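**Q** Before we start, here is the structure in question, set down as structure tokens.
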């Protein structure tokens, strides 16, 4: 179906089902219970998972397949956001023109940056992308203020022309009139499930993006990208110039990043330069590696895990910790609380950094490799059977 | 008629003359061996032929066209393939994928973006890759991780990948280095078969004289960056200059 | 002319910092072959050594002075730093005043220790892993270090003063025959420049004139051969890592009075110093120093109004722009060797 073999089709169907039922899956605990704080079924969070999932999927096409480590992809995310907000301001608040423009502009921008950066490889490539991203970020803050509105960030204003919109049209990003912030709440057995238009919009786009990624992974082009990573020397002695392949991968991943940036603007029509900082590009690197670079599902898992944990960890402040450990004797409670407080609440970034270091050191294949190892142990299968399809 | 004409090639590395006034003419359809002691410039010459190095002087004509100044992939597209001293294959890919890549390159030229096409629809590519694997006697290993194979198998795969492009000139850099005797003999048989059955010219660098004398129709002896003699194997065997270059014996 | 001299001087202190960090990065890269994304964090930790020492020296005993009251009428609590109690008011005050230079004494052993722990505990497991993995794990470490400092010292910058003796500025205008007050340059920045020059000189002298340095340089050129000679190169490389960490650390200590230390200064300097290393030529020590000063001065000139009027925003991007151009037209950098780290 859809140009996929049986295994991939069922894989895609599972992913679609998981995505569609996210509002249930991320809301496993009943309202008012002690565990309710671990629920993640807020539209905002779920949409972020989908959006960063797209970002990481795209990044993975470049890094996971060709091995080129870019630290500059935040620039494309930022450009995508700016383009979308401009579309909202000038033409219409309908989301489709906005994200289409995001993808196109990010694509062109990545073509430019990729063309320059890909003249070098290895660490030089990484540093070139780093320098490019940092330069874009600084330009967005300074010279391009008329386009980016500098530090304040680009936002919607009542006086925006929006020439395609009727005078009485919605003042928020919408899908042909249906506002993305519209939510339906469903209460079952003391659980509250929220179905939000914005989330489902992002989810459908993410599924399309995933499908395209799947096709690229299985295509001859995907094989060529893996060949680039494996042995560039043999590649050019087989009559193939590696550069068009890497450039194509770079542009595709830039377009995914632009799409993600556009969707961020769709969910919250505000674009700021801090989205272009290289550390944001570092975040997508972390997501991809944590989930499993070069695998299909890894980057999405990584994005989901990080966004979910970020949300949960940030909420666990000392008060919450005290309520958890109140069963302990006083002195011990304080010690335990202050220990955990180090890693939770504002300490989330510390936990993330540690987690990332551990994964890079002990589990270079990320969560997906971890899952496979456990699975192999359960089935008592020897792990040496070569995996020719890049792992799911 | 000669397919490769090398004229007056010179190459210096700092103060070292790696190649000095090299002239070489390779006849189409022959197996031509380059021999010489270590440091004679054999590998440098090969690197010049495939575009990895640019010589300081001279010209290299392949089938009437200059190869100098072209990128390695362009030279390959002209019909020159190369087998390396340590097998250069796509270690992370399966054997079948390794073989499909040159088939794609043969059909599509340098770059085509088949991003949304399905591998299984490429029937013609799959068929020719499988055919080549059968010929290389490794069809049973098609799903294997290429990096996990033995050195002999990697070598055969690499030769097969080169042949899949149907090159007119095949360059081999010490194809039997580090191989056991049995593997070496298999490789000799394979190369002989290739040279007899295909319309191909082979240039081989080799230290193992057994291999050289079993295969070559012409032999060029290089020493200190210059060709000493070029002749048939029989004449080379007893040539005094060759003995001198190899063994340091002074000519009688 | 006076403006040019002023900008030249302004460029020197930033250039000194770039050069010192880039020097350490190059030492680590050249000897261990490791791309250390945590090097900026080492610079930051150095700066926080100065902050900590200043705080520690200011730890005070509290005594109630019954003869005085504060503005609410309560008895006045008088705080006296222990240092003052121990050494008397004059010496005590002097010690507190000189906390930044004194921090050098503390920072060197601490940084060497941090360097050893980092190399033995983490980096050595990554010698045979791809460069991408090295970048990633040290990037993670940089985040961890930065967050630890953030939790310990808060998110705000902490002003850390230079000794009073160096607080003023020197009027170069007067000296060079321009109008007074046209070229004024803070004493501490002069000290920073002189200090960097001494450190850089010391590192070079150490590498050139000691047996240890000779072995390390040989190892940088050809690690395998040196290993074959039976010399335990790994141990020396560990020590080299400690030295590189110490150089970054003391660069941070002395930088504290110039820019109040904050937790993200490491990341800010990291990107810049990598750019410096690349411009100088990966693996070339003189290249790193040269490029550090060059880019510092270039940045300073780009921030002149005359230049900014012609190229708006150029001061923000000049360093990156230079790096991109150099990488494209001369991939080896100013003084780099061919083919280093190409794959």
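The values are calculated or read from the model by the stated rules, or taken from the named source; none is laboratory data. In this text, all values refer to a predicted model and were calculated from it rather than measured experimentally. So basically every Cβ, Gly included, is an ideal-geometry build from the backbone, and we count neighbours across all protein chains shown.
**Q** Of the numbered conditions (1) in contact with a helix residue (DSSP H, G or I) (Cβ under 6 Å, 6 or more places away or on another chain); (2) in contact (Cβ under 8 Å) with a residue 40 or more places away in the chain, residue A:285 fails exactly one; give the number of that condition.
**A** Among (1) in contact with a helix residue (DSSP H, G or I) (Cβ under 6 Å, 6 or more places away or on another chain); (2) in contact (Cβ under 8 Å) with a residue 40 or more places away in the chain, the lone unmet condition for residue A:285 is (1).
**Q** While we're looking at this one, here's another question. All but one of (1) within 14 Å of chain A (Cβ to nearest Cβ); (2) farther than 24 Å from residue C:201 by Cβ hold for residue C:226, so report the exception by its number.
**A** (1)
**Q** Looking at (1) within 30 Å of residue B:34 (Cβ to Cβ); (2) within 11 Å of another protein chain (Cβ to nearest Cβ); (3) buried (at least 16 other Cβ atoms within 10 Å of the Cβ), which is the only condition residue B:174 fails?
**A** Of (1) within 30 Å of residue B:34 (Cβ to Cβ); (2) within 11 Å of another protein chain (Cβ to nearest Cβ); (3) buried (at least 16 other Cβ atoms within 10 Å of the Cβ), only one is false for residue B:174: (2).
**Q** If I filter the range A:48-59 for residues that are at pLDDT 85 or above and more than 22 Å from the chain's Cα centre (by Cα), do I get at least one hit?
**A** no
**Q** Tell me, yes or no, whether the range B:150-165 has at least one residue that is within 11 Å of another protein chain (Cβ to nearest Cβ), part of a loop (DSSP other than H, G, I, E, B) and in contact (Cβ under 8 Å) with a residue 60 or more places away in the chain.
**A** Checked against the condition, which is being within 11 Å of another protein chain (Cβ to nearest Cβ), part of a loop (DSSP other than H, G, I, E, B) and in contact (Cβ under 8 Å) with a residue 60 or more places away in the chain, the range B:150-165 yields at least one hit.
**Q** Here is a further query. Could you check, for the range B:79-96, whether at least one of its residues is more than 7 Å from chain A (Cβ to nearest Cβ) and in a helix (DSSP H, G or I)?
**A** So far as the range B:79-96 goes, yes, one or more of its residues are more than 7 Å from chain A (Cβ to nearest Cβ) and in a helix (DSSP H, G or I).
**Q** Inspect the range C:76-84 for any residue being in contact (Cβ under 8 Å) with a residue 12 or more places away in the chain, buried (at least 17 other Cβ atoms within 10 Å of the Cβ), touching a helix residue (DSSP H, G or I) at 6+ places or on another chain (Cβ under 6 Å) and closer than 22 Å to residue C:258 by Cβ and give the result as yes or no.
**A** No, the range C:76-84 has no match at all.
**Q** Check the range A:355-371 and report whether any residue there is farther than 20 Å from residue A:287 by Cα, more than 14 Å from chain C (Cβ to nearest Cβ) and either free of Cβ contacts under 8 Å to residues at least 24 places away in the same chain or buried (at least 18 other Cβ atoms within 10 Å of the Cβ) (or both).
**A** no
Here's the yes/no breakdown for (1) outside any helix (DSSP H, G or I); (2) touching a strand residue (DSSP E or B) at 6+ places or on another chain (Cβ under 9 Å); (3) crowded, with 17+ Cβ neighbours inside 10 Å:
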| residue | (1), (2), (3) |
| --- | --- |
| A:186 | yes, yes, no |
| A:201 | no, yes, yes |
| A:206 | no, no, yes |
| A:211 | no, no, yes |
| A:215 | no, no, yes |
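**Q** (1) in a helix (DSSP H, G or I); (2) at the interface with another protein chain (Cβ under 8 Å from one of its Cβ atoms); (3) more than 29 Å from residue A:19 (Cβ to Cβ); (4) touching a helix residue (DSSP H, G or I) at 6+ places or on another chain (Cβ under 9 Å): which one isn't true of residue A:239, the others all being true?
**A** Residue A:239 satisfies all of (1) in a helix (DSSP H, G or I); (2) at the interface with another protein chain (Cβ under 8 Å from one of its Cβ atoms); (3) more than 29 Å from residue A:19 (Cβ to Cβ); (4) touching a helix residue (DSSP H, G or I) at 6+ places or on another chain (Cβ under 9 Å) except (1).
Quick grid of which residues meet (1) touching a helix residue (DSSP H, G or I) at 6+ places or on another chain (Cβ under 6 Å); (2) surrounded by 23 or more Cβ atoms within 10 Å (Cβ to Cβ):
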residue	(1), (2)
B:75	no, yes
B:80	no, yes
B:101	yes, yes
B:107	no, no
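**Q** Ok, one more. Is there any pair linking a residue in the range C:171-200 that is buried (at least 18 other Cβ atoms within 10 Å of the Cβ) to one that is modelled with pLDDT of 85 or more and not in a helix (DSSP H, G or I), with Cβ under 6 Å and at least six apart or on different chains, and which?
**A** Every condition considered, the pairs that remain are C:188/C:257.
**Q** Let me ask something else. Taking the range C:120-153 on its own, how many of its residues are out of contact with any helix residue (DSSP H, G or I) (no Cβ under 7 Å at 6 or more places or on another chain) and more than 19 Å from residue C:244 (Cα to Cα)?
**A** 6
**Q** Residues that are over 15 Å from the mean Cα position of the chain (by Cα) and at pLDDT 85 or above: list the helices (runs of 4 or more DSSP H) wholly contained in the range C:240-343 that include at least 2 such residues.
**A** C:265-280, C:285-302, C:314-329
**Q** Out of A:100, A:54, A:116, report the one residue that is surrounded by fewer than 24 Cβ atoms within 10 Å (Cβ to Cβ) and either under 24 Å from residue C:134 (Cα atoms) or more than 14 Å from chain C (Cβ to nearest Cβ) (or both).
**A** Testing whether each residue is surrounded by fewer than 24 Cβ atoms within 10 Å (Cβ to Cβ) and either under 24 Å from residue C:134 (Cα atoms) or more than 14 Å from chain C (Cβ to nearest Cβ) (or both) leaves just A:100.
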